[in-house]
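Contents: one structure, followed by commentary.
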Amino acid sequence: MIIILAGGRSTRMGREKPVLKVGEKPMLLRVYEEASAVGETAVALSRNTPKTRELCLREGVPFVETPGKGYVEDVKWLLREFGPFVSVSADLPFVKASDITSIAKAFDGRVSLTGVLSLEKVPGDLRPPTYRGCAVAGLNAVGSEGEEFFELSNPLLALNVNTPEELELAERIARLLRGK
């Protein structure tokens, strides 16, 4: 199962990120189209994201409501409810079905896989979070027996839209990609 995480408070953005548009489409719908092409997909939302819930209802996107107590707590809740799953952040507008497929194929259902990019693959104007010398992407596989890194190849996974500036950058990239 693939679960799109869309229940956060969006404190740095100041408004619900999943409903914000990149390339004339809400980020959540961009991610959902790619994820649902790979397999069964649902959106995890919470009381923090009423507009995202409305979008899911309007578009017929399946969702589950988490307790909304925080990222770690909600992921643990989802693991208890659904068992092992692939997670994709709703604010990862350039994720591709092939990215999701690659981590899903590598996932054994037990050991969690944290999607990362080597820093050499990160475009210079992006400042993704780093951990142990790698850029952390918002694409993971969630299991219950430890954790390993999984190297991804799509450099645009380094753009996790958290701020108005990152939203503006994502929109510029979407325009460039549309022009190709």
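The values are calculated or read from the model by the stated rules, or taken from the named source; none is laboratory data. If you're wondering where the values come from, they're calculated on a predicted model, not measured in any experiment. All Cβ positions, even for glycine, are placed from backbone atoms using ideal geometry, and neighbour counts span all protein chains on display. Areas reflect the complete protein model, heavy atoms only, side chains present, ligands, DNA and RNA absent. Shrake-Rupley method; radii C 1.70, N 1.55, O 1.52, S 1.80 Å.
Quick one: putting +1 on the C-beta of Lys and Arg, -1 on the C-beta of Asp and Glu, what dipole do you get for the chain around its Cα centre, in Debye to the nearest 20?
On the way: 24 positive and 24 negative charges, 94 e Å.
So the magnitude is around 460 debye.
Take Tyr71 and Arg47, extend 7 Å from each Cα along the Cα→Cβ direction, and tell me the distance between the two endpoints in nm.
About 2.2 nm, to one decimal.
May I ask you to give the solvent-accessible area per residue for the chain, in square angstrom, as obtained with a 1.4 angstrom probe? Kindly include the intermediate steps, with their values, before the conclusion.
Working: 9100 Å² over 180 residues.
That works out to 51 Å² per residue.
Take every DSSP beta bridge whose two residues both sit in region 37-139, then give the antiparallel share in percent to the nearest 5. It would help to have the intermediate numbers written out before the result.
Details: 6 of 9 bridges.
For region 37-139, the DSSP antiparallel bridge percentage is about 65.
Can you tell me the Rg and the Dmax, both Å, for the Cα atoms in region 78-180?
Cα-based Rg and Dmax for region 78-180 come out at 14.2, 44 Å.
Can you give the relative contact order of region 64-180 as a percent, counting alpha carbon pairs under 8 Å and 6+ residues apart? Please list the in-between numbers first.
Values: 177 pairs, mean separation 34.3, N = 117.
After rounding, I find 29 percent.
Taking 7 Å along the Cα-to-C-beta vector as the label spot, tell me the Ala97-Ser144 distance in nanometres, rounded to one decimal.
Spacing of the two 7 Å Cα→Cβ label points: 3.2 nm.
If I model a spin label at Glu40 and Arg175 as a point 7 Å from the Cα along the Cα→Cβ vector, what separation in nanometres do I get?
So the label points at Glu40 and Arg175 sit 4.2 nm apart.
Taking the Cα centroid of region 80-131 and of region 165-180, what is the distance between the two, rounded to the nearest whole Å?
Taking the Cα centre of each part, region 80-131 and region 165-180 sit 21 Å apart.
Out of these labelled values of Cα extents along the principal axes in Å, (i) 47, 37, 31; (ii) 41, 38, 29; (iii) 85, 34, 29, which was calculated from the coordinates shown here?
The value computed from this structure is option (ii).
Which entries of Lys17/Lys96; Lys25/Lys51; Lys21/Lys69; Lys21/Lys51; Lys76/Lys105; Lys17/Lys76 show an alpha-carbon separation above 24 angstrom in the structure shown?
From the list (Lys17/Lys96; Lys25/Lys51; Lys21/Lys69; Lys21/Lys51; Lys76/Lys105; Lys17/Lys76), the Cα-Cα distance tops 24 Å for Lys21/Lys69.
Rounded to the nearest 5, what is the percent of antiparallel bridges among the DSSP beta bridges in the chain? Intermediate values should be presented prior to the final figure.
Working: 13 of 29 bridges.
Bridges in the chain are about 45 percent antiparallel.
Quickly estimate the mean residue ellipticity at 222 nm for the chain, helices only: each DSSP H run with n ≥ 4 gives -39500 (n - 2.57), and the total goes over all residues, rounded to 500. List each step's numbers first, then the result.
Details: 5 runs with 58 residues, N = 180.
Calculated at 222 nm, the ellipticity per residue is -10000 deg cm²/dmol.
First measure r as the distance between the Cβ atoms of Leu119 and Glu59, then evaluate 1/(1 + (r/R0)^6) with R0 = 35 Å and state the FRET efficiency to the nearest 0.05. Kindly include the intermediate steps, with their values, before the conclusion.
On the way: r = 36 Å, r/R0 = 1.04.
That gives a FRET efficiency of 0.45.
What is the extension gain from Lys25 to Glu81, computed as 0.36 nm multiplied by their sequence separation minus the C-alpha to C-alpha distance, in nm to one decimal? Please report the intermediate quantities before stating the final value.
On the way: separation 56, 0.36 × 56 = 20.16 nm, distance 3.01 nm.
Gain on extension, Lys25 to Glu81, equals 17.2 nm.
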